[in-house]
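Below is one structure, written out as structure tokens; comments come after it.
Where a number appears in this text, it was derived from the coordinates with a stated rule and is not lab data. These numbers were taken from a predicted model, which means no experiment stands behind them. All Cβ positions, glycine included, derive from the backbone under ideal geometry; neighbour counts span all protein chains shown.
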There are 2 protein chains.
Amino acid sequence: MTVSTSIPGYTYGQPEVAQSPISLEALAQLQETILWSEEDVRYLQMAGEVLADQVDEILDLWYGFVGSHPHLLHYFTGPDGQPIASYLERVRARFGQWILDTCRRPYDQAWLNYQHEIALRHHRTKKNQVDGVEAPPIIPLRYLIAFIVPITATIEPFLAKKGHSPEEVAKMHQAWFKSIVLQVTLWSYPYAREGDF
Amino acid sequence: MTVSTSIPGYTYGQPEVAQSPISLEALAQLQETILWSEEDVRYLQMAGEVLADQVDEILDLWYGFVGSHPHLLHYFTGPDGQPIASYLERVRARFGQWILDTCRRPYDQAWLNYQHEIALRHHRTKKNQVDGVEAPPIIPLRYLIAFIVPITATIEPFLAKKGHSPEEVAKMHQAWFKSIVLQVTLWSYPYAREGDF
Ligand code: HEM
Ligand code: HEM
């Protein structure tokens, strides 16, 4: 979970990642809107330390959640209606890296660019391409936004597992929540009608 | 804050509110996705009792937040760049009623229909019409989603003000969080490209 270059399809910071259509100035206004502060950056760093050796357990939980809901698992299935094991596995590795990136990476131009890449990979623009699969062409916007809840709610017990004070856990959780909302906001770009983002 | 019929532009349950394009079945799948349960319904009822006589204070806080950020206040300004006092005031009354509706109303067809009405009122389809103003034509999707953070984070102290146990406050807050994510999800409908919602 640390040698990022070994993850198939993970292209963070690489030249083939296009520039985000969202400017750093627009990002800063979004950060103001979600009450983002330096404190959040610090507590996300702490969360990164807390979560690093729990990534597999977290992914087990999230994959269990998706796997037990046919309306979600659907987006990982092939033309025969069966889940595509290699697709699930490859995305899982990138998802694990993303947990760490969320906590550790500076939210700069390279981060913004990869945010857009992730947006395109959920949207019909680019879904399925990186892994060469024939799954449904798009994750609908409604599930992308709704997923803010499970991705935020289920992380809390993991944040509490390393003996931090309730106040520290609450602050790590708060910073995580803000980051998830920020990222889903950025990911909504390709879904929005011209001029509506 | 209780006689809802006296609120200008508030049309919940009235015949002029169109049917939501989102089905009750799609709503149920969204509720599954946000881990919605009967417990959340009960804790939102409790939240409704806790918040009822604090609505004005909550609105003062939220309006203070919007008012202190030019990039947000912008959506309440007229062609001269000045905030439109009557617009702010009329929306404020509906916003107050919405806090209670969020806690008390059953999430049924009438609720779904008014959700869509609120969506259209933030979107260019219908913004400004109800109050007859010439403010900017749309609240961008990015701010709609980002607002999940302030609307969720700032409610917690109000939930804690009536002597409930920390566990009860956490559960009310959790239910509120889920409801806000659910509602913003429904409000994203008119913003999404054909087939992307
Ligand atoms: C808060 C919401 C979500 C988060 C944080 C999230 C996170 C991620 C991450 C980190 C990746 C890999 C990005 C990369 O390629 O480096 C990914 C890909 C993927 N996610 Fe999500 N996701 C969310 C919502 C959803 C939902 C609702 C579904 C539906 C089941 C879903 C299904 C997928 C699929 C199928 C891929 C692979 C896309 C491709 O073909 O490249 N995601 N997600
Ligand atoms: C979680 C996000 C949000 C919530 C819960 C929310 C809530 C509401 C509610 C309850 C109403 C009145 C609905 C009715 O007519 O009955 C409303 C209207 C309005 N809101 Fe929001 N809002 C959100 C995001 C935003 C943002 C980001 C802005 C930008 C400053 C904004 C500006 C407005 C405006 C200008 C109106 C009046 C629209 C019209 O012309 O009818 N809202 N909002």
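Annotations
- Cross-link pairs A:171/B:127; A:126/B:171; A:162/B:161; A:161/B:171; A:126/B:127 - those with Cα-Cα distance over 27 Å: A:171/B:127; A:126/B:171; A:162/B:161; A:126/B:127
- Euclidean distance between Cα centres, segment B:117-150 to segment A:39-67, Å: 34
- Computed from phi, the 3J(HN,Hα) profile of segment A:121-130 under the Karplus parametrisation 6.51, -1.76, 1.60 (θ = phi - 60°) reads 6, 8, 7, 5, 4, 9, 4, 6, 5, 4 Hz, with x in place of Gly and Pro.
- Karplus-derived 3J(HN,Hα), 6.51/-1.76/1.60, for each residue of segment A:36-43, Hz, glycine and proline x: 6, 9, 4, 4, 5, 4, 5, 6
- With its label point put 7 Å out from Cα toward Cβ, residue A:32 sits 4.2 nm from the same residue's point in the other copies, in order from shortest.
- Per-residue HN-Hα couplings for segment A:13-30 [Karplus 6.51, -1.76, 1.60; θ = phi - 60°; Hz; x = Gly/Pro]: x, 8, x, 6, 6, 6, 5, 5, x, 9, 7, 4, 5, 5, 4, 4, 5, 5
- In nanometers and ordered shortest first, the copy-to-copy spacing of the residue A:110 label point, defined 7 Å from Cα toward Cβ, is 5.6.
- Over segment B:21-180, the fraction of Cα-Cα pairs per 5 Å bin, rounded to whole percents and listed from the shortest bin up, is 2, 8, 16, 20, 20, 15, 12, 5, 2, 0.
- For B:178, A:161, the sequence from fewest to most other C-beta atoms within 10 Å is A:161, B:178.
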